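Here the structure is laid out as structure tokens; the discussion comes afterwards.
Read the figures in this text as sums done on the coordinates, not as results from a lab. Given the structure is predicted, the values throughout are model-derived calculations rather than measurements. So basically every Cβ, Gly included, is an ideal-geometry build from the backbone, and we count neighbours across all protein chains shown.
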Amino acid sequence: MGITKKYTYDYDVEGKGASTMVEDILNDSDFPKVTDLVIGSWGWACDDGCQDILDGIIQNKEKFAHVEKLFVGDMDYEECEVSWILQGDYSKLWEAMPQLKELTIKGSNDLSLGEICHEGLESLTIICGGLPTDVIEEIQKAKLPNLKKLVLYIGVENYGFDGNADTIRTLLEKSNFPNLTYLGIEDSEIQDELTAVILESKYMKQIQTLDLANGTLSDKGGTLLLEKLPAYPNIKVLDVHYHYMSEKMVTNLKALPIQVDASEPNEPDDYNGEIWMNAMLTE
């Protein structure tokens with residue numbers, strides 16, 4: 001039975017970094033049993049990307065063939081703010097890891113997914129402060145016939161999101177994920193607009209979990225959910241935790257015959273009459 005193991009460096013350890021991470025992983029006696037591989041900080045991730053790690057995995061693909069889950073960039077804000085993490089090019093990873101079922105990436109600076117084609121991948125999650133449109137377009141064109149879970153942190157313009165609601169509308173219209181059951185479009189400063197787009201998408205007829213968490217969802221988006229969700233009995237779970245909805249709206253959503261997570265309510269900030277709402281993860 002496989003195990004989960006995280007490999008990470010402190011930022012101030014001399015002689016260690018992205019260029020030494022793969023060697024250290026391969027020298028670990030536990031690694032042949034590791035099916036869930038978590039890569040944390042590779043040193044000073046704000047200045048040094050993870051490309052050497054990705055290249056090392058690709059160059060040693062036979063030794064990584066048993067890995068089923070991969071998380072690259074599992075670090076907290078004290079190690080590196082998410083908006084500062086330098087990522088890498090994953091274009092050759094798809095072929096190098098045919099047994100991969102789950103991929104989680106944290107950070108979007110210098111991130112490139114390339115031509116995504118993988119028969120076995122079931123889960124793709126990108127956690128970031130701002131998801132660039134070129135990455136969204138790569139996902140839009142992806143060939144992932146067995147993808148069951150897609151979670152994208154949209155983020156904000158100041159930290160990399162250079163699109164709008166139409167960007168997500170096009171993603172949902174043109175992508176082809178016939179086995180998708182979990183859709184997460186979250187952490188957005190335009191969460192109400194994205195909610196409207198998602199509720200009109202083709203995936204509403206097949207998903208079981210709708211994840212709109214960590215954004216600026218207000219009563220406007222909540223009203224849309226109340227109106228539209230009853231038409232989709234296939235949806236069993238609604239995740240809207242971290243939101244800006246009123247207590248009354250939360251009560252109404254929880255009255256729906258589905259599981260609803262509406263925890264972590266927030267109050268808008270009022271600056272001289274100007275109302276501000278913030279997505280959960282940006283910096």
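Worth pointing out:
- Given K63/K149; K148/K236; K202/K248; K149/K205, the pairs whose alpha carbons are separated by over 18 Å: K63/K149; K202/K248
- Per-residue 3J(HN,Hα) values for segment 4-16, derived from phi via the Karplus relation 6.51 cos²θ - 1.76 cosθ + 1.60 with θ = phi - 60°, read 9, 8, 9, 10, 8, 10, 6, 5, 9, 7, 6, x, 10 Hz in sequence order (x marks Gly and Pro).
- Computed lengthening from E23 to S263, 0.36 nm per intervening residue step minus Cα-Cα distance: 82.2 nm
- Order of D187, D239, D76 under a 10 Å beta carbon neighbour criterion, fewest first: D76, D239, D187
- Only one residue of W84, G215, L199 has its Cα farthest out toward the positive end of the dipole of the chain, where Lys and Arg carry +1 and Asp and Glu -1 on Cβ, and that residue is L199.
- Across segment 87-99, coupling constants 3J(HN,Hα) worked out from phi with the 6.51/-1.76/1.60 Karplus curve, θ = phi - 60°, read 9, x, 9, 9, 4, 9, 6, 4, 6, 6, 10, x, 8 Hz, and Gly and Pro carry x.
- Within the same chain, lysines fewer than 8 places from K61 are excluded, and of the rest, those with a Cα less than 24 Å from its Cα are K5, K6, K16, K33, K69, K92, K101, K106, K143.
- DSSP bridge analysis restricted to the chain gives an antiparallel fraction near 10%, rounded to the nearest 5.
- Taking 0.36 nm per residue of separation and subtracting the current Cα-Cα distance, fully stretching the chain between V237 and D36 would add 69.8 nm.
- Net charge dipole, the chain: roughly 1700 debye, given to the nearest 20, about the Cα centre with Cβ charges of +1 for Lys and Arg and -1 for Asp and Glu.
- For V34, distant residues with modelled amide H under 5 Å away: I3
- Helices in the chain, meaning DSSP H runs of at least 4 residues, each add -39500 (n - 2.57). Divided by all residues, the mean residue ellipticity at 222 nm is -6500 deg cm²/dmol.
- Ranked C50, C117, C80, criterion: other C-beta atoms within 10 Å, fewest first: C117, C80, C50
- Taking each residue as 0.36 nm, the span from N278 to K6 lengthens on full extension beyond its C-alpha to C-alpha distance by 94.8 nm.
- Max mean-square fluctuation residue, GNM over the chain, Cα-Cα springs under 10 Å, options E122, E137, E200: E200
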